[in-house]
Amino acid sequence: MGIVDFNIACSYDDSQEYCTYDNPISEPDDQLGYSLMFVVSKESELSNATSFDNIEDLIERVIAHETIHVVILELEGRDSSDKLDDLEISITIGDGRTHLIRMNFLGYASDNTGLVTTTL
């Protein structure tokens, strides 16, 4: 169970680019693996702009984050898995200003788990 493949797709609506998991694949041990999907925005495709700049710096975090979604999906179901991205962490920045950051803002993660879990 986890991420075993990747795909690139294009959104058909006006959403920004994002990563997700999809396309369950049956593994030889009867467990499901999933594809990591990079969904580029329709706007960037139509304008021939680059999506996912500097993804190399975040790829471990992306894979780990989506794998955590897959594990929660298998154990608790899709609703619980989807709620992972709605959790927020309170982060104090600079002179004590507090910001709420969603756990899936991978650039704020302090390790390669793909989750924001600590303060800066």
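The number of residues in region 68-84 that are open to solvent by less than 40 Å² (accessible area, probe 1.4 Å) and within 16 Å of the chain's Cα centre (by Cα) comes to 5. I need a count of the residues in region 87-107 that are open to solvent by 90 Å² or more (accessible area, probe 1.4 Å) and of a type outside the set (A, V, I, L, M, F, W, C). Residues that pass the stated criteria total 4. Confirm whether residue 60 is open to solvent by less than 50 Å² (accessible area, probe 1.4 Å), modelled with pLDDT of 85 or more and either in contact with a His (Cβ under 8 Å, 6 or more places away or on another chain) or not aromatic (Phe, Trp, Tyr) (or both). Spelling it out, it is not the case that residue 60 is open to solvent by less than 50 Å² (accessible area, probe 1.4 Å), modelled with pLDDT of 85 or more and either in contact with a His (Cβ under 8 Å, 6 or more places away or on another chain) or not aromatic (Phe, Trp, Tyr) (or both).
Considering only region 11-21, how many residues are in a strand (DSSP E or B) and open to solvent by less than 70 Å² (accessible area, probe 1.4 Å)? Explain how you work it out, then say what you get.
Just the residues of region 11-21 that are in a strand (DSSP E or B), to begin with: 18-21.
Filter once more, keeping what is open to solvent by less than 70 Å² (accessible area, probe 1.4 Å): 19-21.
Final tally of qualifying residues: 3.
The set of residues in region 22-54 that are at pLDDT 90 or above, polar (S, T, N, Q) and either surrounded by fewer than 17 Cβ atoms within 10 Å (Cβ to Cβ) or touching a Pro at 6+ places or on another chain (Cβ under 7 Å) (or both) comprises 44, 47, 48.
Only one of (1) in contact with a Leu (Cβ under 7 Å, 6 or more places away or on another chain); (2) on the phi > 0 side of the Ramachandran plot fails for residue 61. Which number is that? The single condition residue 61 does not satisfy is (2). So residue 89 passes all but one of these: (1) more than 23 Å from residue 6 (Cα to Cα); (2) assigned to a loop (DSSP other than H, G, I, E, B); (3) within 18 Å of the chain's Cα centre (by Cα). Which condition number does it fail? With respect to (1) more than 23 Å from residue 6 (Cα to Cα); (2) assigned to a loop (DSSP other than H, G, I, E, B); (3) within 18 Å of the chain's Cα centre (by Cα), residue 89 is out only on (2).
Tally the residues that are among the hydrophobic types (A, V, I, L, M, F, W, C), outside any helix (DSSP H, G or I) and over 19 Å from the mean Cα position of the chain (by Cα), restricting the search to region 43-58.
So the first thing to find is which residues in region 43-58 are among the hydrophobic types (A, V, I, L, M, F, W, C), and the list is 46, 49, 52, 55, 58.
So of that shortlist, the ones also outside any helix (DSSP H, G or I) come out as 49, 52, 58.
Going one step further and asking which of them are over 19 Å from the mean Cα position of the chain (by Cα), we end up with 49.
Looking only at that region, the number is 1.
Going through region 25-58 one residue at a time, which ones are in contact with a Leu (Cβ under 8 Å, 6 or more places away or on another chain) and of a type in the set (Val, Ile, Thr)? Talk me through it step by step, then tell me what you get.
Start the filter on region 25-58 by keeping residues that are in contact with a Leu (Cβ under 8 Å, 6 or more places away or on another chain), which leaves 25-26, 58.
Selection gives 25 alone.
Here residue 62 fulfils each of the conditions (1) free of Cβ contacts under 8 Å to residues at least 12 places away in the same chain; (2) touching a Cys at 6+ places or on another chain (Cβ under 9 Å) apart from (1).
The values are calculated or read from the model by the stated rules, or taken from the named source; none is laboratory data. Just so it is clear, the model here is predicted, and its values are computed rather than measured. Glycine gets a Cβ as well: all are built from the backbone with ideal geometry, and neighbour counts include every protein chain shown. Ligands, DNA and RNA are excluded from the accessible area calculation, which covers all protein heavy atoms including side chains. Shrake-Rupley method; radii C 1.70, N 1.55, O 1.52, S 1.80 Å.
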